[in-house]
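Here's the structure we're looking at; comments come further down.
The values are calculated or read from the model by the stated rules, or taken from the named source; none is laboratory data. This is a predicted model, so every value here is computed, not measured. Here Cβ is always computed from backbone atoms with ideal geometry, including for glycine, and neighbour counts include all displayed protein chains. The area values use the complete protein model at the heavy-atom level, side chains included, leaving out ligands, DNA and RNA. Shrake-Rupley method; radii C 1.70, N 1.55, O 1.52, S 1.80 Å.
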Amino acid sequence: GNYYESRQMIRELALILTVAILLLYFILASQFESLLQPIIILIEIVIDVCIVLITLWAMGESVNIMSMIGLVVMSGIIINDSILKVDTINHIYRSNGNISLLQSIIIAGHRRLKPIIMTSLTTILALLPFLTKDNMGAALQFPLSITIVVGMIAGTMVSLFFVPLIYFIIYRWKETRGKTKKRSGIC
């Protein structure tokens with residue numbers, strides 16, 4: 001009975017995570033007035049969840065209620081870094097007409113580096129004591145802790161490097177495509 005109840009709870013938590021991501025997409029789309037930028041931001045959750053699931057599998061841990069709660073918590077914390085990074089890039093790029101896209105990304109990276117690192121380090125360091133399996137309570141908290149720690153480490157790297165890279169690739173492609181259309185007279 002408990003096995004089936006646990007599986008049902010995991011399915012419900014997965015549904016909650018999916019609904020939360022969809023709602024977050026619509027909120028971000030209205031905030032950024034773009035359908036593309038929320039996708040750039042939300043790619044981070046997909047990458048982080050995949051890395052966490054691979055890590056749990058490699059460590060011999062199962063996906064249980066505690067690890068699912070960890071995924072939801074980790075997603076909520078780490079997505080904030082990408083939102084602020086993209087917002088900073090947009091603000092710099094739109095407010096300064098003489099700064100290139102690459103320069104905007106570099107300046108935004110410098111501005112957001114310390115806050116992203118501080119957020120991640122405080123969360124990771126706070127959870128390090130829970131990464132032991134000394135007693136029954138610690139063994140129950142281990143999947144939650146490992147999920148958040150691994151997700152935060154991966155999410156920090158994704159926020160710092162991958163999100164700006166994807167942003168640059170997409171918007172550089174859009175700029176060159178727009179110039180090509182203007183040259184060929186297609187507008």
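Observations on the model:
- For segment 126-176, the set of residues classified as part of a helix (DSSP H, G or I), of a type in the set (S, T, N, Q) and surrounded by 12 or more Cβ atoms within 10 Å (Cβ to Cβ) consists of Gln141, Ser145, Thr147, Thr156, Ser159, listed by residue number.
- Residues being open to solvent by 60 Å² or more (accessible area, probe 1.4 Å), under 23 Å from Trp57 (Cβ atoms) and of a type in the set (A, V, I, L, M) are entirely absent from segment 107-114.
- Check on Ile99, surrounded by 17 or more Cβ atoms within 10 Å (Cβ to Cβ), out of contact with any Asp or Glu (no Cβ under 9 Å at 6 or more places or on another chain) and under 25 Å from Thr176 (Cα atoms): no
- Matching residues, segment 22-43, being open to solvent by less than 50 Å² (accessible area, probe 1.4 Å) and part of a helix (DSSP H, G or I): Leu24, Tyr25, Leu28, Ala29, Phe32, Gln37, Pro38, Ile40, Ile41, Leu42
- Considering only residues in segment 44-82 that are more than 15 Å from the chain's Cα centre (by Cα) and under 28 Å from Gly109 (Cβ atoms), the one that is least open to solvent (accessible area, probe 1.4 Å) turns out to be Thr55.
- Those residues of segment 11-21 which are touching a residue at least 12 places away in the same chain (Cβ under 8 Å) and loosely packed, with under 12 Cβ neighbours inside 10 Å, in sequence order: none
To keep it simple, each residue is scored yes or no on (1) at pLDDT 95 or above; (2) over 24 Å from Leu165 (Cβ atoms); (3) not hydrophobic (A, V, I, L, M, F, W, C).
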{"residue": "Ser82", "(1), (2), (3)": "no, no, yes"}
{"residue": "Thr88", "(1), (2), (3)": "no, no, yes"}
{"residue": "Ser95", "(1), (2), (3)": "no, no, yes"}
{"residue": "Asn98", "(1), (2), (3)": "no, no, yes"}
{"residue": "Leu102", "(1), (2), (3)": "no, no, no"}
{"residue": "Arg112", "(1), (2), (3)": "no, no, yes"}
{"residue": "Met118", "(1), (2), (3)": "no, no, no"}
{"residue": "Phe130", "(1), (2), (3)": "no, yes, no"}
{"residue": "Asp134", "(1), (2), (3)": "no, yes, yes"}
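- You will find that of Ile146, Ile170, the residue that is closer than 19 Å to Leu42 by Cβ, modelled with pLDDT under 95, more than 13 Å from the chain's Cα centre (by Cα) and not acidic (Asp, Glu) is Ile170 and no other.
- Flag if Ala126 is among the small types (Gly, Ala, Ser) and at pLDDT 85 or above: yes
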